[in-house]
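The values are calculated or read from the model by the stated rules, or taken from the named source; none is laboratory data. Predicted model only: the values in this text are computed from it and were never measured. A quick note on method: Cβ atoms are made from the backbone with ideal geometry, for glycine too, and the neighbour counts reach across all protein chains shown.
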Amino acid sequence: VWVEDPCYWGASRALLDLGLSLAPLTVDDEGARLPAAPDPTSPAPRLAYLTPSNQFPTGVAMPLARRLAWLAHARAHGTLLLEDDYDSELRYKGMPFPALQGLDADTGQGQSVIYLGSFSKTMFPGIRLGFLVVPPALAELFARAGADHDRDGDQLLQLAMARFIDEGHYAAHLRRLRHEYRSRREALVLALHQHLPELAEPGCAAQILGGWRGMHLSLALPPAVDDQALALRCAALGVTVIPLSVYAVATATSGLLLSYSGVPREGMDALVARIAPLLRASCQRQ
Ligand SMILES: Cc1ncc(COP(=O)(O)O)c(C=O)c1O
């Protein structure tokens, strides 16, 4: 299976637990790069796990041309694309790119993409409710596997969620979330720049990653920084951050994932101020 490098560990772990072997895909400023020409001596991966709307954890959005190139590759090589669209509802600026799954249905046979959605981000993680849109040829297989795997799931919860959507409450909830998270994101960026003015200096080794989407930003740090130790020191100050190295597949990464969804705008500055002295050393010129 091809996976983005860095990759959401929930996905890479699940694939590893199934006994599959992972082949890393480089992530650049357009998302996952297409794999180089397949190695004739080893079988090409059959599945590629992608987060094109908001690459996790770098926050890169894949532009249309790269999406079309992935679809062309998938059709030519029989690769199935697993499109994890886990938070595209949370977009604060600009128009979204069409999903790979929709593009596939519009421009081809609709056989190349499995689309994965989740209510974990827009509702709450404990809801354990998500959905798949699978190619027609796989629908029967997935329905059977789903029934074996979790029977019909929590039907009461599914009905409640369906009604929440039908009656328009979900759309209103998303509007409120977008407004609130956009403001929290702005507060985080402002606080980072205020407490770490070095970030704006050319040559600063630290860089804020992530666009106007989602629930987090990442602060990329030089590979020499031990981000796991840094995260522990932040935790000791009462601030939870995730070291980016936990998402590395083959390429060493260092940095911190900073989630802003759980911190009200008014509280952001104080939290950033608390960890800024720890971060400062990592922002120095190289
Ligand atoms: C990249 C990515 N995909 C999917 C999910 C959602 O997973 P689940 O629906 O299992 O909560 C998350 C949640 O953190 C995520 O970060």
Can you pull out every residue in the stretch 114-153 that is in a loop (DSSP other than H, G, I, E, B) and within 13 Å of the ligand (Cβ to nearest atom)?
Phe119, Ser120, Lys121, Thr122, Met123, Phe124, Arg128, Leu129, Gly153
Meets criteria (assigned to a helix (DSSP H, G or I), surrounded by 13 or more Cβ atoms within 10 Å (Cβ to Cβ) and either in contact with an Asp or Glu (Cβ under 8 Å, 6 or more places away or on another chain) or modelled with pLDDT under 95 (or both)) for Leu174
yes
So for the stretch 35-46 (the condition being under 30 Å from Ser261 (Cα atoms) and buried (at least 20 other Cβ atoms within 10 Å of the Cβ)), does at least one residue qualify?
no
Do you know which residues across the stretch 41-67 are without any contact (Cβ under 8 Å) to a residue 40 or more places away in the chain and either in contact with a helix residue (DSSP H, G or I) (Cβ under 7 Å, 6 or more places away or on another chain) or in a loop (DSSP other than H, G, I, E, B) (or both)?
Thr41, Ser42, Pro43, Ala44, Met62, Pro63, Arg67
Against the condition of a type in the set (D, E, K, R), under 23 Å from Gln55 (Cα atoms) and within 16 Å of the ligand (Cβ to nearest atom), how does Asp87 come out, does it pass?
yes
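This table checks each residue for (1) surrounded by fewer than 17 Cβ atoms within 10 Å (Cβ to Cβ); (2) in contact with a strand residue (DSSP E or B) (Cβ under 9 Å, 6 or more places away or on another chain).
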site: Pro197; (1), (2): yes, no
site: Leu219; (1), (2): no, yes
site: Asp226; (1), (2): yes, yes
site: Ala248; (1), (2): no, yes
site: Gly262; (1), (2): yes, no
Can you work out which of the residues in the stretch 68-96 that are outside any strand (DSSP E or B) and under 12 Å from the mean Cα position of the chain (by Cα) is surrounded by the most Cβ atoms within 10 Å (Cβ to Cβ)?
Tyr86
Those residues that are buried (at least 16 other Cβ atoms within 10 Å of the Cβ) and either touching an Asp or Glu at 6+ places or on another chain (Cβ under 7 Å) or closer than 13 Å to Gly255 by Cβ (or both), I need them from the stretch 200-211; list them, please.
Cys204, Ala205, Ala206, Ile208, Leu209, Gly210
Those strands (runs of 3 or more DSSP E) completely within the stretch 179-286 that have 3 or more residues that are in contact with a His (Cβ under 7 Å, 6 or more places away or on another chain) and of a type outside the set (D, E, K, R) are 255-259
